[in-house]
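As C-alpha cells, the structure follows; a few thoughts come after it.
Taken together, the values in this text are just the output of simple stated rules run on the coordinates, not laboratory data. What you see is a predicted model, and the numbers here were worked out from it, not measured in a lab. No Cβ is skipped: glycine too gets one built from the backbone with ideal geometry, and neighbour counts run over all protein chains shown.
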Amino acid sequence: MGFVIIYTNNMKLRYIWFIVLLILFSCSNKKKSNNQVDNQLEPINLKYAKGFRIEKTGKYKIISVLNPWSGANNIEYQYLLINKDEELPDFADDYTVIRTPVEKVICLSTTHVAFIDVLNKTESIVGVSGTDYINNKKVRKNIENNLVPDVGYDSNLNYELIACINPDLVITYGVGGEIAGYNQRLKDLGINAVMNAEYLEDHPLGKLEWIKFIAAFYNMESEADLYFDAIEKKYNALLDIVKGVNKKPKVLIGLPYKDSWYVPGGKSFLAKMVEDAGGEYIWKENDSRESQPFNIESIFIKASEAKIWLNTGSVNNKRDILKIDERFEDFKPYNESLIYNNNLRMNQFGGNDYWETGLVQPNIVLKDMIKIFHPELLKNHQLVYYKQIN
C-alpha cells in the first residue's frame with residue numbers, strides 16, 4: 001500500500017484521516033496474513049464425516065466444527081492446535097488455542113471415552129460426566145479409586161471441580177444451543193472446551209471418523225488413520241455378504257416415551273445400518289436424520305407388518321414392554337415379530353456398552369444386525385451387543 005498525503009488546515013480532521021488510513025492499512029495486512037495462512041493449510045481427507053474439518057501445516061492444525069448441535073445452522077467453531085514447544089503465530093488471537101499433545105482430558109460422553117481408549121490414552125481421562133454409565137475397565141478402576149470424578153453435565157456442571165482438576169481439554173457435546181453457553185463459561189475460567197458432534201453423523205463410519213478429530217489433540221493422527229481404515233475394510237466386507245439378499249425384513253425401532261414414540265429419521269445412522277444389514281426400515285422414505293415424535297396409535301398402524309423390532313429401551317423381557325403400555329398386548333409385532341434389544345452388555349449401574357464401544361466397532365454392531373435379519377449369512381457369529389427379548 002502506498003503513502004497518502006492529505007492537506008488540510010483542520011488538525012482534528014487530519015488526525016481522523018490518519019486513524020482511518022491506519023485501520024485500512026491494518027485490515028489490509030490482516031487479510032493478507034490470513035490469505036497466507038490459508039495458502040499454507042492442507043486439508044485432511046475425510047471420507048464420511050460431515051461435521052468437522054481438519055487443515056494442517058508442519059507446525060499447527062486448524063480444526064473447524066460445523067453446526068455441532070441439533071438444529072444448528074451456519075454455526076462454526078474453530079480451534080488452533082499447536083505443539084507446546086512452538087511459538088504462537090500472529091493470528092492465534094482469532095482462534096481458541098489448544099496446546100498439543102493434551103495430557104489431561106475430561107469427557108462428557110461415553111463415546112469420547114471409547115475414542116480415547118482406541119488410541120490407548122485412557123490414562124489421560126481425569127473426569128467424566130456420569131460415572132455410572134462408563135464401562136471401560138481402566139476408567140472404572142480409576143473411578144473406584146477416586147481418581148476420575150463425576151463432573152456433572154449441562155446446567156449441573158461442577159465448574160469449581162473442573163477448575164481444580166485444571167484439564168488441558170474438556171470434550172463436550174450438546175443436543176441444543178445451550179451447550180455454547182456452558183462452553184463459554186469454561187472458556188471464561190481459562191479452560192479449553194471443544195464440541196464433539198459425532199452423534200449427528202448419518203453414517204456409522206462417519207461417526208467413527210471422529211476418531212481423527214480426537215486423535216488430532218494427541219498428535220496421533222497416524223494411529224487413528226490405521227484404526228479407521230481397518231474398521232472400514234471390515235464394515236465394507238460385511239456389505240458384500242449382504243449384497244445378494246433379496247428378501248428384506250421390515251424393521252421397527254424404539255419404544256414410546258410417555259405419549260410419544262420418537263422414530264429415527266430415514267436419513268439417520270440407524271436407518272443406514274438397517275439398510276446395510278439387509279433390512280427394510282419402515283420409515284426409510286423420511287428425509288430427516290433426526291428422531292421425530294409420533295403418537296402410539298399411528299405407530300401401531302404403520303408398523304403392523306414389521307418382522308423385526310429393535311432397540312427397545314431398557315427392557316429385558318416382553319413383560320417389561322407391557323408395563324410401558326398394556327396396549328402392546330394387541331400390537332401385531334409384539335405377538336409375531338422377533339424382538340431384539342441392544343442391551344446385552346450392561347454394567348452393574350445400568351451403563352450400556354452399546355453406546356460406548358459400539359461407536360468404535362460399527363462392524364460388530366452390523367454383524368449383530370445381519371445375524372438378526374439373515375442368520376444364515378453369519379452362522380457362527382454370536383451376538384455381542386444385542387439379545388433376544390422373549
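Observations
- Alpha-carbon centroid distance for the pair region 271-306 / region 181-235, whole angstrom: 28
- Counting DSSP beta bridges with both ends in the chain, the antiparallel % (nearest 5): 50
- Linear extension gain, Leu189 paired with Asp320, 0.36 nm per residue minus alpha-carbon span: 42.6 nm
- Under 5 Å from the amide H of Val170 lie the amide H atoms of Ile106, Asn192, Ala193, Val194, each residue being 5 or more positions distant or on a separate chain, with H modelled from the backbone and absent for Pro and chain starts.
- Charge tally for Val274 (other residues, Cβ to Cβ under 10 Å; Lys, Arg +1; Asp, Glu -1): +1.
- Difference of contour (0.36 nm per residue) and Cα-Cα distance, Asn145 to Asp225: 25.5 nm
- According to the calculation over all Cα-Cα pairs in region 42-219, the P(r) per 5 Å bin from zero is 1, 8, 18, 21, 22, 17, 9, 3, 0 %.
- Counting only DSSP H runs of at least 4 residues, each contributing -39500 (n - 2.57), and dividing by the residue count of the chain, the helix-based mean residue ellipticity at 222 nm comes to -11000 deg cm²/dmol.
- Separation of region 96-163 from region 245-270 is 32 Å, based on Cα centroids.
- Since only Ser288, Tyr257, Pro375 are under comparison, the one whose Cα sits farthest along the positive direction of the charge dipole of region 244-388, derived from C-beta charges on Lys, Arg, Asp and Glu, is Pro375.
- Note on Lys84 and Leu344: the model spin-label points, each 7 Å out from Cα along the C-beta direction, lie 4.2 nm apart.
- Charging the Cβ of each Asp and Glu at -1 and of each Lys and Arg at +1, and nothing else, the dipole of the chain about its Cα centre rounds to 440 debye.
- Length gained on full extension, Glu285 to His381, computed as 0.36 nm times the residue gap minus the Cα-Cα distance: 31.5 nm.
- Beta bridge orientation in region 42-219: antiparallel %, DSSP, nearest 5: 50
- Region 232-355: Cα Rg divided by the 2.2 N^0.38 Å rule of thumb: 1.10
- Region 77-102 residues near the modelled Thr57 label - backbone nitrogen below 13 Å, point 7 Å along Cα→Cβ: 81-83, 87-92
- Across the chain, Cα-Cα distances exceeding 38 Å account for 30% of all pairs.
- Label zone at Lys247 (point 7 Å along Cα-to-Cβ), backbone N below 15 Å, region 285-319: 307-308
- Ordering Asn246, Ala306, Gly350 by the projection of their Cα atoms onto the charge dipole of region 246-390, which places +1 on the Cβ of Lys and Arg and -1 on the Cβ of Asp and Glu, puts Asn246 at the extreme positive end.
- Rounded to 5, percent antiparallel among DSSP beta bridges of region 244-388: 55
- Selected from Asp353, Asp202, Asp325 as most flexible by GNM, with the chain as the system and alpha-carbon contacts under 10 Å: Asp325
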